[in-house]
Each structure stands twice: as structure tokens, then as C-alpha cells.
1. Take Glu217 and Leu153, extend 7 Å from each Cα along the Cα→Cβ direction, and tell me the distance between the two endpoints in nm.
2. Please work out the average accessible area per residue across the chain, using the 1.4 Å probe convention, and give it in Å².
3. Residue by residue through the stretch 12-27, which ³J(HN,Hα) values in whole Hz follow from phi under the Karplus form 6.51 cos²θ - 1.76 cosθ + 1.60 (θ = phi - 60°), with glycine and proline marked x?
4. Could you tell me the calculated FRET efficiency between Trp164 and Asp311, based on Cβ-Cβ distance and R0 = 51 angstrom, to the nearest 0.05?
5. Each label point is 7 Å from the Cα along the Cα-to-Cβ direction; what then is the distance between the points at Lys230 and Asn282, in nm?
6. Residues with amide H under 5 Å of Glu82's amide H, sequence separation 5 or more or different chain, H placed in the peptide plane at 1.01 Å from N; which?
7. From the residues Val198, Val255, Leu209, which one has its Cα farthest along the dipole of the stretch 195-324 in the positive direction, the dipole being from +1 and -1 charges on Cβ of Lys/Arg and Asp/Glu about the Cα centre?
8. Carbon and sulfur together cover what percent of the accessible area of the stretch 121-162 at a 1.4 Å probe radius?
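The values are calculated or read from the model by the stated rules, or taken from the named source; none is laboratory data. Everything numeric in this text was worked out from a predicted model, so none of it was measured. Virtual Cβ from ideal backbone geometry, glycine too; neighbours counted across all protein chains shown. For the accessible areas, the whole protein counts, side chains as well, though only heavy atoms, and no ligand, DNA or RNA atoms are used. Shrake-Rupley method; radii C 1.70, N 1.55, O 1.52, S 1.80 Å.
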Amino acid sequence: MSGFSRYVARRLLLLIFVVWSILTIIFILFKLLPGDPTAIFVDSNFSVEMIERQKTLWGLNDPVWLQYLRYLGNMALFNFGESFFQNQPVSTILSDRAANTALMVVPALIISVVFGTIIGAIAGWKRGRRIEKTTVTTALFLHSAPSFFVGILALMVFSYQLRWLPPGGMVSLGGPEGFWETLASGDYWQHLILPCLVLVSREITGPILLLRSSMLEVKGSDFIDILRAKGLPERRVILHATRNALLPLVTYIAVMTGLLFQGQVLLEIIFAWPGIGREMVNALNDLDYPVAQASLYIMALVMLGVNLLADLVYGIIDPRVVYA
């Protein structure tokens, strides 16, 4: 077995352990939550015997260890059951909400990474000049601004004062409902502008600051002098330096992707975006445990998956990385 195969096997075993730990924590947390979610299904006219019979049908009178094993099996098979309130399979609900979240997060992620990489590389290469000072100051200011505050401010200015953009939602009332129909509609892109810009205003700062620091390290390397001695134009030298400075960004992109899918909850509420974060908050408020548990589980899987992917592509970007 090669070093890469052994590394992948170790990471997969570690991934299984982490997923089991997350599922166990979720199970314990929901067991400790106050309130009885079954109360919404039980009529006040039900006798004690009828209530106990119903709980037995739901498996709530089983020993905790048996409930836990059944829960692990269902989660492993992505059998999330049905929503208490929406009378639909949880997998159907969350697949729609996750797609809606992706429609907001993915464009912001692409813009942040592409333009953040370019701006950060230029700022690091132009060390000590005005462009670097302006870039760093602006990035630090945007990074310190709470995204919910920026979102509310953007709504006040561009939606309620100037009335340039819609105040919320993913599409207007009566708009397209399907994923591809929504993606192809101009109405969706108009609704996307504000939440996407708010996300970009914060998330672009990470790649900018990281690439600047990485470029400062690469700039003093010997291979930069060799490239200049070969007579390469400055633009080509910057491209070579940027490629060598990208390795730290890979890990950050993985973390940023997971945090974007988890941390956009407040923005989905502010902009009334029907995503998975907003659905999770609504489920917790309504004691809709199947939806809330599955939402947390999916968000955790996204975080773990992108981090695993980042580790595996290290060797593609930097051949110096050797998997033992």
C-alpha cells in the first residue's frame, strides 16, 4: 500500500470517529433540551394510557441505549424521518434548503477566493507601497464589522432608502420554484446581490490577508531571483510566486466553505433567504427535532468533507508535500 493510500485510510478512520462523536453530542443535546416535542401531537382529551401507547409506537419508552442505536443507524443511512410540522420527509425539505443555501454561498465563495487571491497577491508583492497599506486597512476594517450589522445597514440603504434592490427572499412572489428554473431567472440574481455582497465584504478579507502574508515569504525566495535572472517579465514572476503562495489558502478555503454554510444563519434570517440555516432555527423554535438534528448533521458533514478534500489536494498544488 502506497503512502497516499495509507494516509487516506487513516483520514477516513478518523473521519468515522469524528462523525460518531458529533452524532453522539447531537443526541445528548436534544435529550437535554427542555420541552416535550410529542405534546404537539397529543390531544388534551387523550387519556394517560393513550399517550403512553402513542409514545411506545414512537419508541420513546424504549431504553435510552436502544434509542441511541436506532438513531445512529438512521443517521448513518440518512433516514431522517418526517418533519413534525411540515408532514414531509426531512431529506426532501433539507435538500431544497441546502440547494438554496448553496445558491447564496457558492457565488460569494467564488468571488471572495478569486478576487481575494488577486488583491492579496498584489498587496504582498507591493510591500510598503500605498496600495498595500490601503488594502490591509480596508480588509481589517471589513473583517471586524459584524456581518449581521453590515446586512441590516445594506438593507436600510439599498432596499428601503434607495429602493434599488429587493429587501429579502430568494425570488419574488410567484417566481420560479425549481432549482434550475430559479438559477436561470433574472429575479434570483437581483435578490442575490445584497446577501452576496454582504458575505463577500467579510469573507474576501481572509484570502487577502493570507495571500499577502504568504507572498511576503515567497518574495524573498531564491527561485524569484532565478526567474528574474532568466529575464521573465514581472507579471510572469508574480504568477509563479502566487502559485507557490497558494498552499496555505487551500486549508483556509476549506475552513471558509464550512463556516460559510454554517455561519450564514443570521444573514438568511435578515434577508429572509429560505436556506438550511434558517430552517434549522425555525425547527428549534418549533421543537421539530428531526429537521433540527438533520440540519446540524449535514452542516457537520460539509465541514468535514471540505477539510478532507483540502488535505488530499495538497500534493497537487505543492509537490513537496509527501504522504507518509
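1. In this crude spin-label approximation the distance works out to 3.2 nm.
2. Details: 18120 Å² over 324 residues.
Using a 1.4 Å probe on heavy atoms only, each residue of the chain averages 56 Å².
3. In residue order, the calculated couplings are 5, 5, 5, 4, 4, 5, 5, 4, 4, 5, 5, 4, 5, 5, 4, 4 Hz.
4. Details: r = 43 Å, r/R0 = 0.84.
Efficiency computed from Cβ-Cβ geometry: 0.75.
5. Inter-label distance under the simple model: 5.7 nm.
6. Those qualifying (amide H under 5 Å, at least 5 residues apart or on another chain) are Val90.
7. Ranked along the dipole, the leading option is Leu209.
8. Working: 1920 of 2790 Å².
The nonpolar share, carbon plus sulfur, comes to 69 percent.
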